[in-house]
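Structure first, commentary second.
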Amino acid sequence: MSARLVACHDCDLLCRLGAVPENGVARCSRCGGLLRKRTRNGLERTLALAFASAVLFVVAQSFPFLSFEMKGNVTTTNVMTGVVDLYNGGKGEIAALVLLTIVLAPLGQIGLLLYVLTPLRVGIVPWKLPSAFRLLRHLQTWSMMEVFMIGILVGITKLLGMATVVPGLAIWAFALLMFVLAGAAASFDPEALWERAEALR
Amino acid sequence: MSAAAPATALAAGLANCHECGLLAQLRAAGHGARCPRCGAELHLRKPRSLERTWALVIAAAICYVPANVLPVMAVTSLGKTEADTIMSGVIYFLTSGDWPLAIIIFTASIFVPMMKLAILLFLLISVHRRSSWRPVDRTRMYRLTEAIGRWSMVDIYVVTIMVALVRLGNLATIEAGWGAVFFGAVVVITIFAAESFDPRLIWDESEARST
């Protein structure tokens, strides 16, 4: 592969980008900004992790993730009941923010990764690939699974002083989803995606 | 730094697509031009970057005050109501000996938003003053604000989980307070502010000086 001209996203320096080795990283010579990161079997790896994320996401969202017991009264919760409780308590703004960052954005991120990568894997360029790609880029900013996990841990510790907290099935799915989804986002290589799509056209 | 002006995409009349990273030729009447590969709008620099970042930084700084003064949640237990602000939450963990958690909450809810606002303010002023001071380090600071902003959401999630779990009628209930709403606003607005700032402006000035 011949060297290609790219510009650094952070400082605008024009750089000649040769072939990046597998699992290698190319950085801007002036500011150190990331030019390209290439993972071995990047697209296949992202696709596999996206499939795993989809399964874990369904489990994480549909089963209760915590039960709380105080003087014989038990409440169980999943993410959606939390959103509904916030909304009913008159804090619709927070409910919307939690819904976006923990439900809608991760769901869209997983869905779009599958939508874009599955057809490419079998040799078809997906319909409206450019729009799907741009939407994916925007949703990634707002998908905050890993932050939520820290929030769960802090929340549990706070409540331990008040009563008994029992972790549910979904909490393990959440913990796994955090790593798998972060892995999918980290291995996603847009440049490889466009190369694959161009080769198919 | 070399004496010759470095070759930038701007100098070559090329626009770097901010979505897919393709270098595209931008014609003189380039308004509304789109990336031939992914269809994103092309710009040499983010449009109205300084104005938009200023507006968002000021908005976030204003929301930062009620976010810290108003309670983020109110715990009602056996008829007694106790309100918690962000800082009193940190102090609670400190006094109960949970200092690792106190550090997490302090970092995520107080240190990160403050540092983000301070760095963005510093970068804005340095670009306005046409500073040529350490562009590499200033670019690093920018990348840091971009990366850490999301971690401030921790407190919002803690409130969500507590509200969802503790609703036992007369025994105990927890309600989210207006502090949490303003705090959420700070997090969202600073994420947009970091996104609207263009780090290439830091370099444009040092280039103008070296030529």
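Odds and ends about this structure:
- Label zone at A:Met162 (point 7 Å along Cα-to-Cβ), backbone N below 19 Å, segment B:53-84: B:71-84
- Rg then Dmax, both in Å and based on the Cα atoms of segment B:109-211: 19.1, 73.
- Label-point separation in nm, A:Val74 to A:Val58, each point 7 Å along Cα→Cβ: 2.6 nm
- Sites B:Asp137 and A:Phe179 - FRET efficiency at Förster radius 30 Å, r taken between beta-carbons, to 0.05: 0.40
- Cα centroid of segment A:82-100 to Cα centroid of segment A:111-128, whole Å: 34 Å
- Pair B:Thr107, A:Glu198: separation of 7 Å Cα→Cβ label points (nm): 4.1 nm
- Partnerless cysteines, meaning none of the other Cys C-beta atoms lie under 4.7 Å away, in the protein assembly as shown: A:Cys15, B:Cys63
- Axis of helix A:79-88 versus longest Cα principal axis of chain A: the two differ by about 60°, to the nearest ten degrees.
- Additional length obtainable on full extension of the chain from B:Ala208 to B:Ile91, 0.36 nm per residue less Cα span: 37.2 nm
- Chain B: calculated mean residue ellipticity at 222 nm from DSSP helix runs of at least 4, using -39500 (n - 2.57): -17000 deg cm²/dmol
- Other protein chain Cβ atoms within 10 Å, averaged over every residue that makes up A:85-97: 6
- The three principal axes of the C-alpha atoms in segment B:13-116 carry coordinate ranges of 68, 26, 24 Å, sorted with the longest axis first.
- Put a dot 7 Å past the Cα of A:Ala48, heading toward its Cβ, do the same for B:Glu41, and the two dots end up 4.1 nm apart.
- Fully extended contour minus Cα-Cα distance, from B:Ala55 to B:Gln25, at 0.36 nm per residue: 7.7 nm
- The charge dipole of chain A, taken about the Cα centre with unit charges on the Cβ atoms of Lys, Arg (+1) and Asp, Glu (-1), comes to about 500 debye, rounded to the nearest 20.
- Note on chain B: percent of Cα-Cα distances in each 5 Å bin, starting at 0 and stopping at the bin with the largest distance, equals 1, 7, 12, 14, 14, 12, 10, 8, 7, 6, 4, 3, 1, 1, 0.
- For segment A:41-200, the spherically averaged projection of the C-alpha convex hull amounts to 10.1 nm².
- Dividing the Cα radius of gyration of the protein assembly as shown by its Kirkwood radius returns 1.01 for Rg/Rh.
- Full extension of the segment from B:Glu82 to B:Ile125, taken as 0.36 nm per residue of separation minus the current Cα-Cα distance, would add 11.3 nm.
- Segment A:105-115 - phi-based ³J(HN,Hα) in whole Hz, Karplus 6.51/-1.76/1.60, Gly and Pro as x: 5, x, 4, x, 4, 5, x, 5, 4, 5, 4
- Per-pair calculated FRET efficiency, R0 = 25 Å: A:Leu169 and B:Ala74 via Cβ, rounded to 0.05: 0.20
- Between segment B:172-199 and segment A:145-201, the alpha-carbon center distance in angstrom: 21 Å
Rule-based calculations on the coordinates, nothing more; no lab input. Worth saying up front: this structure is predicted, and the values here are computed from it rather than measured. Heads up, the Cβs are rebuilt from the backbone with ideal geometry, glycines too, and the neighbour counts pull from every protein chain shown.
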